[in-house]
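Worksheet: one structure, shown below.
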Amino acid sequence: MNKRFFSFLLIICCFIPVAVYAQETNEIKAVITNIVSEETLDNNQVTIFEARDFAGNSYKVDTQEGYTQGYNFRLEEGTEVVLQVLTNTDGTQTIFLADVVRTHVLFWMLLLFALVTIAVGLRRGAFALVGLALTLLVLFAWIMPQIIAGSDPVLMVVLGGSVIMLVNMHLVHGFTRKTFVAFISIVIGLFVVWGVAYLFSYFTQLTGLAGEDSALLYLRMGDVIVPKGILLAGIILGALGVFDDVAVTQQEAVSELIEANKDLSSKELYARAMRIGRHHIASAVNTLVLAYAGAAFPLFLLFYASGTVDWVRFLNTEIVAEEIVRTLAGTTALLLLVPISTWFAVLVQKR
């Protein structure tokens, strides 16, 4: 309860100064035309520069005003920036540096990624890019709007994830019986991770409001957003990508074993495919743990920076427990998916 209160308090405190100080907030894009001065104060670079927006209006900005410590952007002539213009109650304006424009760089990075994917993956790489576009389309054009409209977030992620996997898997791996069986295994895996995540979060009594972003979302849309449902949906969505890898790999392993020796019994075929799957499990588990640890890395460093390491208190903190549950639920479902997908592969392909 205290954590929720302080999260809401932090969010409200962030908005109070803006609400009191200004009546209207406007963000504009501008280009730096002149660097007036640069100096370093308390290991933080302070820059005064002049900029002009695309309508021809000129602005003079001092980054010391509203410039968060540590945000040392590389500011030079020609740099595109985002300025925040606050219109005060007396009609005057206060101008802050809000951000730099990085969309151009992101575009070139995306283009490089696409070229490398096609150069290495050839036709399958091109199909993978089409599948990625579909994934983003389903996620941003259907799943998220449905959740915002009040639909159950877990159900939307399960249905949307099933659609994504149905199209992507057949698009990338071909319209074959093996691909369809792998897809069925993934659908079962979605319900497995749903059940495991629900049980883990139930027994650990997670609220889904550990992070400031979750608290802000609930504060803004509390009438339609269920924090625990958002937490479960995020766990399911995070595990979905690894499910594809495991299910397809096990299908291919069974197929290759049959090609090598058609006289293998179903029992022996299952045992050999599971030996391959166990090697895959070991690497996949490590991958998931590192991925979730990387996401929570600043939190871990902040804990160690406090100077005292009370592991019991640390693990009991909800934001840490949430990451642990996220990791364990996804990994447990992944472990269970290996025998499930292997059994389906042997059942169908052996026949």
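The values are calculated or read from the model by the stated rules, or taken from the named source; none is laboratory data. All values reported here derive from a predicted model rather than from experimental measurement. Please note: Cβ atoms are built from the backbone with ideal geometry, for glycine as well, and neighbour counts cover all protein chains shown. Areas reflect the complete protein model, heavy atoms only, side chains present, ligands, DNA and RNA absent. Shrake-Rupley method; radii C 1.70, N 1.55, O 1.52, S 1.80 Å.
Any idea which of Met274, Leu335, Phe96 is furthest toward the positive side of the dipole for the chain, if Lys and Arg beta-carbons carry +1 and Asp and Glu beta-carbons -1? The residue sitting farthest along the positive end of the dipole is Met274.
What FRET efficiency would be calculated for the residue pair Ser306, Leu166, taking the C-beta separation as r and a Förster radius of 45 Å, to the nearest 0.05? Efficiency for this residue pair is about 0.45. Just so you know, the averaged projected area of the alpha carbon convex hull for the chain sits at 23.3 nm².
Could you please tell me the mean projected area of the C-alpha convex hull for region 49-107, averaged over all directions and given in square nanometres to one decimal?
On the way: hull surface 20.0 nm².
Across all orientations, region 49-107 yields a mean hull projection of 5.0 nm².
Let me know the volume per residue of the alpha-carbon convex hull for region 45-179, in Å³. Working shown, then result.
Values: hull volume 28.4 nm³, N = 135.
Roughly 210 Å³ of hull volume per residue.
Put simply, the Cα atoms of region 232-277 extend 44, 16, 12 Å along their principal axes, the longest span coming first.
Rounded to the nearest 10 square angstrom, Tyr202 shows an accessible area of 120 square angstrom against a 1.4 Å probe.
Please grab the % of Cα pairs in region 106-195 that end up more than 18 Å from each other. Across region 106-195, Cα pairs with separations above 18 Å total 55 percent.
Each of Val138, Phe73, Phe54 was scored by the projection of its Cα onto the charge dipole of the chain, and the greatest displacement toward the positive side belongs to Val138; charges sit on the C-beta of Lys, Arg, Asp and Glu.
Please report, largest first and rounded to whole Å, the three semi-axes of the ellipsoid equivalent to region 76-155, where each semi-axis is the square root of five times an eigenvalue of the C-alpha gyration tensor. Kindly include the intermediate steps, with their values, before the conclusion.
Details: eigenvalues 277, 132, 7 Å².
Working from the Cα gyration tensor, I get semi-axes of 37, 26, 6 Å.
Region 214-246 and region 122-152 have Cα centres separated by 16 Å.
Working value for region 203-312: equivalent-ellipsoid semi-axes of 41, 20, 11 Å, each the square root of 5 times a Cα gyration tensor eigenvalue, largest first. Modelled this way, with points 7 Å down the Cα-to-C-beta line, the labels at Asn43 and Lys267 are 6.6 nm from one another. Shape index of region 289-345: Rg/Rh, with Rg the Cα radius of gyration and Rh the Kirkwood radius from the inverse mean 1/r over Cα pairs, equals 1.18.
Span-like helix criteria (full DSSP H runs; alpha carbon extent of at least 30 Å along the helix axis; mean Kyte-Doolittle hydropathy of at least -1.0) are satisfied in the chain by 177-203, 227-260, 266-295, 318-350. All Cα-Cα separations within region 195-263 were binned at 10 Å from zero, giving a P(r) of 17, 31, 22, 14, 11, 5, 0, each value a whole percent of the pairs.
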